[in-house]
Amino acid sequence: MKEKKRDEFRKALREIKNLPTLPGIVRKLSQMSEDPETTTEQMGKVIARDHILAVKLLKLVNSAFYGFPQRISSIDSAIILLGFNVIKGLIISASIFEFMEEQDIELWEHSLACAVAASVLAKRLGVKDPEEVSTAGLIHDIGKVAIKMELPHEYEKIIAMVAEKKISNYEAEREILDLNHAEAGGWLTKNWNLPAKLVEPVSCHHDPRLAENEQMTSAIIHFADLIVRGMGYGHGNDIWVAPLSQRAWRLMGLAPSDLDQVLEEIDEKLWDVRGFSLEVMHETEPEADLD
Ligand SMILES: [Fe+2]
Ligand SMILES: [Fe+2]
């Protein structure tokens, strides 16, 4: 019986009827990226056609958490600098979060903060492609959006159970759906054909032991999530900060003195991005120097 319900929820989350239309542009770009003849300019043109999306994308790229010294004023250079997979993740984030800004600004802020923390950790640990780790941070809780949109009735029950039993959102999801938002996010990002580098950290961020290939990124996202929750950038439903996975901690190998510096740096960067979510979401006109 429970298995049947789980399958039903799983199916509902996989079909994604109520989520926004982002897969259109992402699918188009994915096809283009598979063709070796496609140039960065051609991809840039497809993105630039969606004016609002292009502006949001550039704002994200120029935000404090990417920390490029120079201003990136074109989609083409963003693709070159960040790589196509990061851009794809960012398009998804920008589209998804545009859609939920009115409903769930807290989750957006939490996600941005997690991206900031993940990027600081990735750079400190010398991980290759810290931007990709940051993007994983940005979309790590995407499964929460999926649950909210696709299973609104169950979502209400989850909220009520959190308040009533004083348990975490994660535990309530398991009770009610027999699955959790990390799994849901994993299915969703897989459905969107995002690379495994992004899918695994999303699906394993609450239990990084499950990661097979992306252990370090999963450990970083897990830790970044806890850090920003601890710093008050949690997502409203519950007040709990989950315990840190020992394995993730060992894998990262941070010394206590590193940790102090890392936390300080994250705190500083978070000041820079404070309010950025509102700013990026309400920006609809392209700036003069964007082409
Ligand atoms: Fe989460
Ligand atoms: Fe989170």
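The values are calculated or read from the model by the stated rules, or taken from the named source; none is laboratory data. In this text, all values refer to a predicted model and were calculated from it rather than measured experimentally. Using ideal geometry, Cβ is built from the backbone for each residue, glycine included, and neighbour counts are taken over all protein chains shown. Accessible surface is based on the protein model in full, side chains and every heavy atom, while ligands, DNA and RNA are left aside. Shrake-Rupley method; radii C 1.70, N 1.55, O 1.52, S 1.80 Å.
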Looking only at residues in the range 200-213 that are open to solvent by 10 Å² or more (accessible area, probe 1.4 Å) and under 22 Å from Ile87 (Cβ atoms), which one is nearest to ligand 2 (Cβ to nearest atom)?
-> Ser203
Listed residues Lys197, Lys123, Lys128, Lys190; which is away from ligand 1 (no atom under 15 Å from the Cβ), open to solvent by 40 Å² or more (accessible area, probe 1.4 Å), more than 24 Å from Glu34 (Cα to Cα) and out of contact with any Gly (no Cβ under 8 Å at 6 or more places or on another chain)?
-> Lys123
Residue tally, condition closer than 17 Å to Leu57 by Cβ and either modelled with pLDDT of 80 or more or surrounded by fewer than 16 Cβ atoms within 10 Å (Cβ to Cβ) (or both), over the range 8-26 | 2
Is there any pair with a first residue in the range 91-117 that is open to solvent by 10 Å² or more (accessible area, probe 1.4 Å) and a second that is at pLDDT below 70 and β-branched (Val, Ile, Thr) whose Cβ atoms are under 8 Å apart and which are 6 or more apart or on different chains, and what are they?
-> Ser95/Thr21
For residues that are within 14 Å of ligand 2 (Cβ to nearest atom) and part of a helix (DSSP H, G or I), tally how many sit in the range 149-174.
-> 3
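Can you pull out every residue in the range 63-80 that is at pLDDT 80 or above and open to solvent by 20 Å² or more (accessible area, probe 1.4 Å)?
Across the range 63-80, the qualifying residues are Arg71, Ser73, Ser74, Asp76, Ser77, Ile80.
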Lys157: among the basic types (Lys, Arg) and at pLDDT 85 or above, yes or no?
-> yes
Among the residues listed as Arg229, Arg174, the single one being among the basic types (Lys, Arg), at pLDDT below 95, open to solvent by 20 Å² or more (accessible area, probe 1.4 Å) and within 12 Å of ligand 1 (Cβ to nearest atom) | Arg229
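For (1) open to solvent by 50 Å² or more (accessible area, probe 1.4 Å); (2) at pLDDT below 75, each residue gets a yes or a no:
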site: Arg6; (1), (2): no, no
site: Ser30; (1), (2): no, yes
site: Gln42; (1), (2): yes, no
site: His51; (1), (2): yes, no
site: Val55; (1), (2): no, no
Check on Val162, farther than 23 Å from Asn213 by Cβ, under 13 Å from the mean Cα position of the chain (by Cα) and either within 15 Å of ligand 1 (Cβ to nearest atom) or polar (S, T, N, Q) (or both) | no
Expected output for the range 229-257 (first residue free of Cβ contacts under 8 Å to residues at least 24 places away in the same chain, partner within 14 Å of ligand 2 (Cβ to nearest atom) and β-branched (Val, Ile, Thr), Cβ below 7 Å, 6+ apart or cross-chain) is Gly230/Val241
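For the range 154-169, which residues satisfy the criterion of being under 12 Å from Ile239 (Cα atoms) and open to solvent by 60 Å² or more (accessible area, probe 1.4 Å)?
Listed by number, the residues that qualify are Ala163, Lys166.
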